[in-house]
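Below: one structure, written as C-alpha cells.
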Amino acid sequence: MKKTLSFILAAVLCMGMLSACGSSNSEAAPADTATGSVYWLNFKPESDEVLQDIAKMYTDETGVPVKVVTAASGTYSQTLNSEMDKSAPPTLFVIGNQAGAKDWADYALDLAGTPIEAELNTDAYNIYSEDGKLVSIGYCYESYGIIVNPDLLEKAGHSLDEITNFETLKAVVEDIHSRAGELGFDAFSSCDMDSSSSWRFTGHMANLEYFYEERDDGGWTECPAELKGTYMENFKNLYDLCINNSTVAPTELATGGHDSEAEFKEGKAAFFVNGSWEFPAVSETVPNATMIPYYCGVEGEEKAGLNCGTENCWAINSKASEADQKATMDFMVWCVTDPEASRMLVDSFGVMPYKSAAESTNGFLAAANEYSNNGCYVMDWATNYQPNVDDYRAALVAALNQYNADQSDANWATVETAFVQGWGAQYKLANG
C-alpha cells in the first residue's frame, strides 16, 4: 500500500510540474500562484550561510516560504528524530546511507520518475530502500584524502611527485617533522578527537580499512554483519603517521580546541586530513593546494585514487502535504537549474551531479578526476555502511583517545576491538 501511494504521489507531482519536466532551465512557480512551503533540514553546517541566502533568493522570486535549519556537526540523526516529531516537520531532509534508508523509508517519497530525478547526470549516488523505492538522491558528491601544500614541500626540499605510496609519504612526513623547528612548519596539522574533528578519522580515514575489505569481498550491497579487520594494520600505519608527526602531541588530542584548518591555511603544516569541501577556505591562502590518497601500505596502492562518494542525499517527506511536497520539488529543481543558485551551491558544495548545474571550480575534485583519468581506482565510501553510526564512532573515539595517551600494544588492541568487534555488536543492535 505504501509503495502504491508513493507511486501515485510521484505521478501527481509529474503531472503538476510539466514545465519542470520539459526544460532543464525550468522556472519556479510565479509568486501569485505559489502554494505550499519548504523546510530543509540541512546536513552540512559549513554551507549554512549560503543556504540561508538561497532560501531568501527563492522566496523573493516566488513567494514560497523556504526555511533552512542546520543541525550541529555530528547531531543530524538526533535533530532529525526530534524535528520529525513536530507539527511542522522538514519537507526536505537527508537520507545519506543504507542505514538511513532502513530507518526513514516510510517517510520518503519515491523519487523515481520525478522532475528532480530527470535532472541527474548520474545515478551513482541514488539510495534505494529494501523494496526498491528511490528514497533519496545525491545533491552533491565529495572527495576526501590528504590535502597538501606543494609550496611547503618544496621549502622542505621535497616535491609532490615523490609521494606515490605509504613508504614515500612516510619518508617525506617524518623528515619534515624532524626539522619542524628549523623549517617553521610541521608535517600534519592537528588531529583532534573532539566532535568537531574526530569524524575525519573514525568516519573518513576508517574507510580505508572498509574499502579494501569490501574490495576483497567483491563489493558490498548491504551492511555486512561482521568485519574481518584485514586492513587494521594499514589503518594504524596512516593514523600513527598523522598523530606522531603533527603540530599537536597525541596526548593533547582528546579535548580538542585546536584549529586544524587554520594551521594549514597559515602555513604551519604541509598536510591536512580533510575533504573537498575545504577547498574554498583553503584556496584563499594556498591556491595551489591539492589532495592525495590515503596511502597506507596496501599492495598496489600506487594506483589508488581519492575517496569519492556522498552522504548528502535529498529526500522529500512523504508525510508532508501534497502542496508542500510540490513546493519542495519545485525548489529542488530550481536549485540545480537556476544559473545563479546552482553557481552559489556548487561553489559551496564543490560539485552537483545535475545536467544543468554550474561547473565545479573545486581543485580537490579536479584532483579526484585526474586520478580517475590516469586509471587509478576510486575508493568508494564504504564507511556509509557503519551500523548505529553515532554509537559506533563514539566507542571508537574513546578507544583512540586511550591509545593516543599511551601508544601501547594493549591499547591498540582496544582500538581493534572497538573497530572490528564493535561493528558486529552495533550491527546486532541495529538489526535484532
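The values are calculated or read from the model by the stated rules, or taken from the named source; none is laboratory data. Every value quoted in this text rests on a predicted model; they were computed, and no experiment measured them. Don't worry about glycine lacking a Cβ; one is built from the backbone with ideal geometry, like all the others, and counts go over all protein chains shown.
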remark   = Across (1) in contact with a helix residue (DSSP H, G or I) (Cβ under 8 Å, 6 or more places away or on another chain); (2) assigned to a helix (DSSP H, G or I); (3) surrounded by fewer than 23 Cβ atoms within 10 Å (Cβ to Cβ), Asn401 clears everything bar (1)
message = Name the residue that is nearest to Pro150 (Cα to Cα), counting only residues in region 237-255 that are small (Gly, Ala, Ser) and crowded, with 17+ Cβ neighbours inside 10 Å.
response = Ser246
task = Report the residue count in region 195-222 for those that are of a type outside the set (Lys, Arg) and more than 18 Å from the chain's Cα centre (by Cα).
result = 10
ask   = Has region 102-111 got at least one residue that is assigned to a strand (DSSP E or B) and touching a residue at least 12 places away in the same chain (Cβ under 8 Å)?
value = yes
request  = For residues that are among the charged types (D, E, K, R) and part of a helix (DSSP H, G or I), scanning just region 338-356, find the one that is surrounded by the most Cβ atoms within 10 Å (Cβ to Cβ).
outcome  = Asp347
query = Does at least one position in region 32-49 carry a residue that is outside any helix (DSSP H, G or I), surrounded by fewer than 17 Cβ atoms within 10 Å (Cβ to Cβ) and at pLDDT below 95?
reply = yes
inquiry  = Let me confirm something: among Glu209, Glu233, Glu213, Glu222, which residue is farther than 16 Å from Ala270 by Cβ and either not assigned by TED's automatic domain parsing to the domain that holds Asn384 or not in a helix (DSSP H, G or I) (or both)?
reply    = Glu222
ask   = So, in region 77-95, of the ones that are crowded, with 22+ Cβ neighbours inside 10 Å and closer than 15 Å to Tyr39 by Cβ, which residue ends up nearest to the chain's Cα centre (by Cα)?
value = Val94
task = Can you tell me which residue among Thr75, Thr70 is modelled with pLDDT under 95, over 20 Å from Asp330 (Cα atoms), of a type in the set (Val, Ile, Thr) and assigned by TED's automatic domain parsing to the domain that holds Asp330?
result = Thr75
message = I'm trying to understand the selection: among the residues of region 384-394, which are in a helix (DSSP H, G or I) and out of contact with any Ser or Thr (no Cβ under 9 Å at 6 or more places or on another chain)?
response = Tyr385, Asp391
ask   = Applying the selection to region 145-196, what residues are more than 21 Å from Val286 (Cα to Cα) and not acidic (Asp, Glu)?
value = Thr164, Asn165, Phe166, Thr168, Lys170, Ala171, Ser178, Arg179, Gly181, Met193, Ser195, Ser196
request  = Among the candidates Glu213, Glu263, single out the residue that is modelled with pLDDT of 95 or more and more than 26 Å from Asp406 (Cα to Cα).
outcome  = Glu213
message = Cβ-Cβ under 6 Å, sequence separation 6+ or interchain: first residue in region 281-309 and under 19 Å from Thr383 (Cα atoms), partner small (Gly, Ala, Ser) and assigned to a helix (DSSP H, G or I). Which pairs?
response = Gly305/Ser372; Leu306/Ala368; Cys308/Ala368
query = If you scan region 290-315, which residues turn out to be under 22 Å from Val172 (Cα atoms), among the aliphatic types (A, V, I, L, M) and touching a strand residue (DSSP E or B) at 6+ places or on another chain (Cβ under 6 Å)?
reply = Met291, Ile292, Leu306
